[in-house]
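K.L.:
Supplied in structure tokens, the structure appears directly below.
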Amino acid sequence: MTFAYHPFAPMPPTHSWDLRKFVAPEFVFGFEARKLVGRYARNLGAARVFLVTDPGVLRAGWAEETVEALREERIEVTVFSGISPNPRDFEVMAGVEAYRRSDSDFIVTVGGGSAMDAAKGIGIVASNGGNILDYEGIDKVAVPMPPLLCIPTTCGTSADVSQFAIINNTGARVKIAIVSKALVPDASLIDPATLSTLSAATTAATGMDAMVHAIEAAVSNAAGPLTDVHAIQALRLLQTHLAAAVRSAEDMEARGGVMLASLEAGLAFSNASLGCVHALAHSLGGYLDLPHGECNALLLPQVVDFNFASAPERYSRVGEALGLDFRGLTEPQIRRRLCDHLLALRRELGIADGLQARGLGEKDIPILARKAINDPCNATNPRRPTVGDLETILRETL
Ligand SMILES: [Fe+2]
């Protein structure tokens, strides 16, 4: 199977040769990668595996297949599937109890962002004690997790390659970001075949999450040459494959292209970090329990409009990677064209209406903006927002 590759257009340089670190796990990408799980777990020293998944992935059969592959290697397996979308703090803590009871020494996770983030949360607390909410922020995880092997089954979150875990603080109704090199998995088996059971709506939402990862990484204050390459290539792949992948579950070339885009976007954002779309989406997702990718898709055009003047050249490269032709246009025209395109794209993918239709009211906006201003993703946004700016963006998204 072939994927469409394109030559790279130059990104405007970052600030001379600023120091940049690039962290990524070992990963295998391609059809049947998931079938290597037994070999990888054995080589990484697993004797008793704690397998974290969710009810939907169990129904699709991906978890059962993984359990069988591990047992063939004479590895004991305990399955934990008590995970909801937007994984809750108390679910992570229940997982820690189950992990300890099972006497496991290794974590495998099969699922989307919710299962993978929960698995990371379980690993953090299993090694460091306390409560998962104690680890909010950057570099708060002192002791490494148990070995972690990821098999992603969606095409957006990229928790399988990232330094991030996002957990829902149910008391405060906000999703917290835990960012640490300790959260990079030991290995990931990224198999586009797992997308064959993904609904159109989840393909659209997770694909848009990947798009926002790539865009926020491309314009991040912490971007560098190594993250630029992956961010721009992710956008080109999404431009080529996302709409077709949403239209048909049988189009495995398109779904594979989106899976590869998700991987590249993950490598970019894990190292360049994110921006205001994610800061607001974390606040919104915890408050209304909405799908993360959908929140991102809704907020993206308004945040691009807000940020554009702070990184016009980089946003122009983003637009070109998405297939737009800006020749002869002024900067304000480019900005309008890009925002209109992102709005049309999400509608084409079936993400219609705004936040009001999803239950958000004017009275919620100040609360959400105050929660979002504390999110670490704001730190790398090209324009530093105030609480008032975040309120305006939310109001425009109603
Ligand atoms: Fe995301």
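K.L.:
Which pairs turn up if I take residues in segment 29-52 that are outside any helix (DSSP H, G or I) and look for partners that are loosely packed, with under 15 Cβ neighbours inside 10 Å and hydrophobic (A, V, I, L, M, F, W, C) with beta carbon separation below 8 Å, at least 6 apart in sequence or on another chain?
P.N.:
Phe31/Met1
K.L.:
Which one of these is of a type in the set (Gly, Ala, Ser) and at pLDDT 60 or above: Ala9, Ala24, Ala4?
P.N.:
Ala24
K.L.:
Right, next: Restricting attention to segment 247-267, does a residue exist that is within 14 Å of the ligand (Cβ to nearest atom), at pLDDT below 95 and more than 13 Å from Asp209 (Cβ to Cβ)?
P.N.:
So far as segment 247-267 goes, no, none of its residues is within 14 Å of the ligand (Cβ to nearest atom), at pLDDT below 95 and more than 13 Å from Asp209 (Cβ to Cβ).
K.L.:
Within segment 307-328, identify whether any single residue is open to solvent by less than 10 Å² (accessible area, probe 1.4 Å), within 16 Å of the ligand (Cβ to nearest atom) and farther than 20 Å from Phe164 by Cα, and answer yes or no.
P.N.:
Step one: list which residues in segment 307-328 are open to solvent by less than 10 Å² (accessible area, probe 1.4 Å), which gives 307-308, 315, 318-319, 321-322.
Add one more test, that the residue is within 16 Å of the ligand (Cβ to nearest atom), and what stays is none.
No: segment 307-328 contains no residue that is open to solvent by less than 10 Å² (accessible area, probe 1.4 Å), within 16 Å of the ligand (Cβ to nearest atom) and farther than 20 Å from Phe164 by Cα.
K.L.:
I'm checking my understanding of the structure. Among residues of segment 290-306 that are within 16 Å of the ligand (Cβ to nearest atom) and open to solvent by 10 Å² or more (accessible area, probe 1.4 Å), which one is nearest to the chain's Cα centre (by Cα)?
P.N.:
My answer is His292.
K.L.:
Related question: When you scan segment 120-171, how many residues do you find that are of a type in the set (Asp, Glu) and within 16 Å of the ligand (Cβ to nearest atom)?
P.N.:
The number of residues fulfilling the criteria is 1.
K.L.:
Might you check whether a residue that is buried (at least 18 other Cβ atoms within 10 Å of the Cβ), within 23 Å of the chain's Cα centre (by Cα), within 18 Å of Asp191 (Cα to Cα) and modelled with pLDDT of 95 or more occurs anywhere in segment 72-92?
P.N.:
So far as segment 72-92 goes, no, none of its residues is buried (at least 18 other Cβ atoms within 10 Å of the Cβ), within 23 Å of the chain's Cα centre (by Cα), within 18 Å of Asp191 (Cα to Cα) and modelled with pLDDT of 95 or more.
K.L.:
Read through the list (1) open to solvent by 10 Å² or more (accessible area, probe 1.4 Å); (2) at pLDDT below 95, then give the number of the only condition that Ala244 fails.
P.N.:
The failed condition is (2).
K.L.:
While we're on this one: Just checking, how many residues over segment 247-256 are open to solvent by less than 40 Å² (accessible area, probe 1.4 Å) and assigned to a helix (DSSP H, G or I)?
P.N.:
Of the residues in that region, 4 qualify.
K.L.:
Of the residues Ser283, Ser188, only one is modelled with pLDDT under 95 and buried (at least 24 other Cβ atoms within 10 Å of the Cβ); which?
P.N.:
Result of the check over Ser283, Ser188: Ser283.
K.L.:
Could you say whether any residue in segment 218-233 is within 14 Å of the ligand (Cβ to nearest atom), at pLDDT below 95, buried (at least 24 other Cβ atoms within 10 Å of the Cβ) and outside any loop (DSSP other than H, G, I, E, B)?
P.N.:
So far as segment 218-233 goes, no, none of its residues is within 14 Å of the ligand (Cβ to nearest atom), at pLDDT below 95, buried (at least 24 other Cβ atoms within 10 Å of the Cβ) and outside any loop (DSSP other than H, G, I, E, B).
K.L.:
So, one more: Evaluate the following for Leu324: is it in contact with a helix residue (DSSP H, G or I) (Cβ under 7 Å, 6 or more places away or on another chain), of a type outside the set (Asp, Glu) and assigned to a loop (DSSP other than H, G, I, E, B)?
P.N.:
Yes, satisfied.
K.L.:
Do you know which residues across segment 345-398 are open to solvent by less than 50 Å² (accessible area, probe 1.4 Å) and of a type in the set (S, T, N, Q)?
P.N.:
Asn378, Thr380, Asn381, Thr397
K.L.:
Mind listing whichever residues of segment 126-156 are touching a helix residue (DSSP H, G or I) at 6+ places or on another chain (Cβ under 7 Å), part of a loop (DSSP other than H, G, I, E, B) and exposed (fewer than 15 other Cβ atoms within 10 Å of the Cβ)?
P.N.:
Asn131, Ala142, Val143
K.L.:
Quick check: anything in segment 83-104 touching a strand residue (DSSP E or B) at 6+ places or on another chain (Cβ under 9 Å), of a type outside the set (Ser, Thr, Tyr), within 16 Å of the ligand (Cβ to nearest atom) and assigned to a strand (DSSP E or B)?
P.N.:
Within segment 83-104, the subset touching a strand residue (DSSP E or B) at 6+ places or on another chain (Cβ under 9 Å) is 83-84, 86-89, 91-92, 94-95, 98-99, 101-104.
After this cut, where a residue has to be of a type outside the set (Ser, Thr, Tyr) as well, the list is 83, 86-89, 91-92, 94-95, 98, 101, 103.
Those left that are additionally within 16 Å of the ligand (Cβ to nearest atom): 86-87.
Imposing the further condition that a residue be assigned to a strand (DSSP E or B) reduces the set to none.
No: segment 83-104 contains no residue that is touching a strand residue (DSSP E or B) at 6+ places or on another chain (Cβ under 9 Å), of a type outside the set (Ser, Thr, Tyr), within 16 Å of the ligand (Cβ to nearest atom) and assigned to a strand (DSSP E or B).
K.L.:
Here's another thing I want to ask about it. Of (1) more than 13 Å from the chain's Cα centre (by Cα); (2) at positive phi, Ser273 satisfies all except one. Which?
P.N.:
Among (1) more than 13 Å from the chain's Cα centre (by Cα); (2) at positive phi, Ser273 violates only (1).
The values are calculated or read from the model by the stated rules, or taken from the named source; none is laboratory data. Since we're looking at a predicted model, the values are computed, not measured. Virtual Cβ from ideal backbone geometry, glycine too; neighbours counted across all protein chains shown. Ligands, DNA and RNA are stripped out before the accessible areas are found, and what is left, the full protein with its side chains, is counted by its heavy atoms. Shrake-Rupley method; radii C 1.70, N 1.55, O 1.52, S 1.80 Å.
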